[in-house]
1. Using the alpha-carbon atoms, what tilt in degrees (0 to 90, nearest 10) does helix 2-90 show relative to the longest principal axis of the chain?
2. Pull out a ≥ b ≥ c, the square roots of the eigenvalues of the alpha-carbon gyration tensor of the range 15-67, then state rounded if a/c is under 1.5, prolate if not and a/b is larger than b/c, and oblate in the remaining case.
3. May I ask for log10 I(q)/I(0) of the chain at q = 0.12, 0.14, 0.16 Å⁻¹, from a Debye sum over the Cα atoms as equal point scatterers with solvent left out?
4. So, counting K/R as plus one and D/E as minus one, what does the shell of residues with Cβ under 13 Å around Phe43 add up to?
5. Which of Lys33, Lys44, Lys12 moves most in a GNM of the chain, Cα contacts under 10 Å?
6. Just to confirm a number: summing +1 for Lys and Arg and -1 for Asp and Glu over residues other than Ile63 whose beta-carbon lies under 14 angstrom from that of Ile63, what do you get?
7. Using a Gaussian network model of the chain with C-alpha springs under 10 Å, which one of Asp40, Asp51, Asp25 is most mobile by mean-square fluctuation?
Amino acid sequence: MDSNKSKTREPKMNEELERVKLQIDPLKAENKKLMQDNNDLHFKIITISEDTESIRNANLLNIKRLEAERNDLRFIVSQKDSSIGQIEAEN
């Protein structure tokens, strides 16, 4: 009797299995697409972060260069002012 029950259940279970497989296939395809989109976005984020860091480092170097140039110009102005003061004192 159990054998008959299992024989009648088997086709139903196979039908259910096929129905579930049909539902899963589109989800697998969507999951694959979403994972690819996620990977693409992650790569873009990494690229943008690296580019931003590179620009930031270049800007910091430029700031240091400009600060050094400003300090040199301040020194030159100080020397000029000192020279002018000495010339005025001589006259």
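1. That helix lies at roughly 0 degrees to the long axis.
2. Cα axes put the range 15-67 in the prolate bin.
3. Per q value, in the given order, log10 I(q)/I(0) is -0.75, -0.82, -0.88.
4. -3
5. Between Lys33, Lys44, Lys12, it is Lys12 that shows the largest mean-square fluctuation.
6. +2
7. Sorting by GNM fluctuation, first place goes to Asp25.
Read the figures in this text as sums done on the coordinates, not as results from a lab. Fair warning: this is a prediction, and the values are worked out from it, not measured in the lab. Glycine also receives a Cβ, built like all others from the backbone with ideal geometry; neighbour counts cover every protein chain displayed.
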